[in-house]
Each structure stands twice: as structure tokens, then as C-alpha cells.
1. Provide A:72, B:164, A:215 in ascending order of the number of other Cβ atoms located within 10 Å of each residue's Cβ, fewest first.
2. With springs connecting C-alpha atoms under 10 Å apart, model chain A as a Gaussian network and identify which of A:290, A:305, A:372 has the largest mean-square fluctuation.
3. What's the exposure ranking of A:364, B:162, B:176, B:148, going from fewest to most Cβ atoms within 10 Å?
4. What translational diffusion coefficient, in µm²/s and rounded to a whole number, does the Stokes-Einstein relation yield for chain A at 37 °C and a viscosity of 0.692 mPa s, taking the hydrodynamic radius as the Kirkwood radius over Cα pairs?
5. Sort B:44, A:239 so the one with the fewest other Cβ atoms within 10 Å of its own Cβ comes first.
6. Based on the Kirkwood radius over alpha-carbon pairs, what is the Stokes-Einstein translational diffusion coefficient of region A:61-120 at 37 °C with 0.692 mPa s viscosity, in µm²/s?
7. Say we join alpha carbon atoms closer than 10 Å with springs in a Gaussian network model of chain A; which of A:13, A:222, A:257 then has the biggest fluctuation?
8. Please give the helix B:60-70 orientation as an angle from the longest Cα principal axis of chain B, in degrees from 0 to 90, rounded to the nearest 10.
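Laboratory data are not the source of any read-out in this text; all were calculated from the coordinates shown. All of these numbers come straight from a predicted model, not from anything done at the bench. Ideal geometry is used to build each Cβ from the backbone, glycine not excepted, and the neighbour counts take in all protein chains shown.
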């Protein structure tokens, strides 16, 4: 085994070449249970464990995760009687690997709770500036040609605590967990709009959900005809109720709120409908108090998921820094990592499959010798956009910002190994 | 060069493939044709051009009663809110450095107020108000914000004449995608 001192250092404070990830295991001391029986030579004896001596339960109709991973939860807060069904829950990014979020851990944001929709009683209506208004049943939509695509979904308000004056004591989940990735399967919206026949004067598509808030958003027609889906499946199974069952709009790369869940109406209009959630909310007020409206794409961004906030590094030695990167405008082409607060950077390894508007996982080895460290990641996308520093983002957006925070975030590591959100 | 017979056959085959592929690219066609009149209770969109605003009318004086019985528990007696997400009055985009954003200080269109209250409020019983009650309570929220007086009659025409204080405060960035 190569000694850590022989590894190629590529940036300050212990970052090692990503090439070492290929073919080399990261050593982690295997600790035997303290109750282990010792052999005559004083070394622990390996025994056959109890679960290898008795048959377990047989096949089941619906799979469950291990009781040992049941602690991985979304952070749904307490219900608020003044906001029935409202609120959000975040994905536990620090516990997940790869780029696909399990459906049961995909983040949620509801404005009036999850409607109990019987698909047999659900309609998707297309009306407004079309040659022929149409209604589609769920059953009929299942007959249409579908496509499957990997996409991220990120709430526009994700990571917004980084706009705050002081760094909050968060985890990857509480700061960045309004982010998930999935394979979405659905009907290109253009197929259904073409069937209704788009009139020349139509410029926008107003999408409305069947929840109690009848959440509405206006989508520009050119985007609607580009890559928007009426999604029916997520990671191979019909949508979960909290993700819009039986159908949702899926607007790739754009702020999550516009991917209207429980989709029941698409109205073609000349002007945007100016819904509450595209005027009062989901607009960006600049320093001069002008508010930018319809700022749809989520910017180029990355987050280190491990090591991350509230973790403790318990040993010196080799670690794998890993995280996810994504951009609403294209494909992630590069992720750099710094261990010294942005003074020096090294290129991380990207997992082989990179899809546009989807999560990309990155990894880089890091040797921690017990010195304080400041871990940061910086993504670049196929348009050439580079994730901005927090200082640069605040300078551009002013102090009134709330949405679209794609700033580089820093995890500070103390000499004791405590990892905390930090500003540099 | 004159085309041989097999050439014609091939051409006919290519032509029939083209024809059938045209047929395939046509739509599945399972949407049921409907009329806009069938959607009068279903299509709740009230746009800034007034399309979709229903008949009915109301004043703030009438809306006060609706507000007290249906809104006040969550939004406070005078719209001051019971938490940060339920504040309906106050704020000033010009004078405050970090402005409080409310219907009065921030919203660019009065039609949005009708559209939103009709579809989503009261949060504990959405869509339980009549169109007349919605006009009344819209008038009251505008009155609480000093935008109209308590006798002004709101209906689908007069709502379009309301000048919201921050109506010029927005820049449409939808062309930057």
C-alpha cells in the first residue's frame, strides 16, 4: 500500500490528486468489536455472527430499508395550524451517495399540503389560446410516448441562509437539502400542446396544481416546447403523492416551484398570469429595490456533502471529500476543491456519467493532519459559468436577496475535528 | 439514367415509409375536446388583463366583515399578521433599506390579490368564499394598505384600474433563460 506521504499533493492543506482514487482504496482502520474473544496469541478471533445461524424473513410485497439506516430522515418540521399542510422537508444530503435521491427522501415543499388525489377523478385540462381545448384522463396519458431523463430539482430558496450576516450552525441537509436528483419519466409537454393546437398569439403556459392552494406558475412557451415534461414516474415508480401524484409539470434546470405538482390545468396565454408565487414570492429584489421577475434557471453550484456540517473527524489520515454539483444551464464540466479557504484549488474527479441539468458527483482524496481546514468546492458548467464566492454573490445581489443562492459554501474543520458552516 | 423497375419499387417503398412515419408523428389523440363554458367553475385564473375575473362586486366596508370572520385569526385584526408569512400591510420599497414586502408595498398587480385569495384563501378552507366575498375582502386588504377608500366598489372592471404602489418595481427577465 502506498504511504500517504508518497501521494501527490495537488493543493494546500492536504488535498491529494484525484488520480489516487482510481484503483486505490481509502484506508479506514477496521475496528473489531471490543467484546471480541481473543485467541491464544491475544489476537481477536473472527466468529460466525448470529444472523448467519438462522433464516431471516422471506420475500415481501414492498421493500423496507434496514433499521440501521432508518435514522436518515427528511427534516419535516412540526405542523403549523395557521399554515395547514404548508412547509418543507429537506433531503439528508450528508447520508446519501451517487446522484439519485431515493423517492422517500426527495425534498418537499407544499403550500397547502398533499392532496389525496384519486387518479380516476383527476383531469389535465389544456385551454386558453389553443385551437381545441382538451381534457386528458390519467389513464389516457399512460398511452402517450414518454422519455426518461436524469434531472436535479432545487427549490429557489435552497441555501438561502448563506445570504445571512452570520453563518448558521447547519448541516448539508438543513442548509442545502432543498435539492434532490431523480430520473423523471413523462410525456414531452409539446406532444400534448400540439394535440390541442397552439395559436400564434400564445406566449406563456399557466400551470395550475390540484392542491388546496391551486398553486399556479407561468412558463414561457419556448421553454414549454423545449424540454418540459408532464412527469408521471420518478425513479421508475409512479410519482409519490408528495411529488405530485398522479402527474406534475417538470421544468428541467429551473427553480423547483415552477415544476407544478398535481398538475391539473395548462392555460395558454399571451401574458404571464402574474400568480402570487411569481410576484409576491420567487422574485429577486436587488440593492436598488428593483425586483427581477421570472429569474428561472438555478445557477451553477456545488456542495460538499462529506465531510460536512456537524460531523466530527475522529482520526487523522486519509479522507474522501465528496459532494454534488449541478447547473440549471447545462452540464457540469469541472469541480475544484480547496482545503485552505480558497487560496489553492485542486480538480476533483467527476463520476463518469454527467447529464445536463442533473446532479454530478465529485470526489477527491484529502489527508488531514489535525490542522484547521476550510473545505470548499467550486463548480464550472458547460456554458463556462463558474460558481461565485459568497462575497461576489452578495456584491452582485445586494442585501435583500432570498432566492437563487449558488454561492460557494465553506465547511470549517477545527483542530479537534469538528466540522461547521463557516464564512471566509 | 432511366430508373429500373426495382428502382421504382424502392421509391414506392420509401414513399410509403415516409407516409406511415407522417401518420405516426401525428398525435395519439386521446384528449377529449371540451368547451371553455365547461370550465367556469374550474378555471380560476384571473390574469392582469382582467381575463377570468368573474361577475360580482364589493367594497372594503363589506369586506371588513369577511376579514374579521374568515381571515383575522391568521392575519391579525388589521392585517399585521400573526407571523412573518401572514403580514398583509405595511412596508415601503422606497424608504426602507430592507423593505417589508406586503400586498401594499410590493405586489405589482391588484388582479393577483383576487386570483390568489379565490384559489388559496382562507388557508383553513380554500375556495369557500363566493366571488362577491372575494371582491369584498380584496377591497378590504387594499383599503388596509391605503390604496382605496372604504366605499370604492371593486368589480372586474374597476379592479383593473387600481394602481399598486410598486407596479413599476419589477423587471421581466424571462428572456434570459
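1. A:72, B:164, A:215
2. Fluctuation is largest for A:290.
3. B:176, B:162, B:148, A:364
4. 140
5. B:44, A:239
6. For the chosen part, D equals 240 µm²/s.
7. Maximum fluctuation in the GNM of chain A, among the listed residues, is at A:222.
8. The helix B:60-70 is inclined about 80 degrees to chain B.
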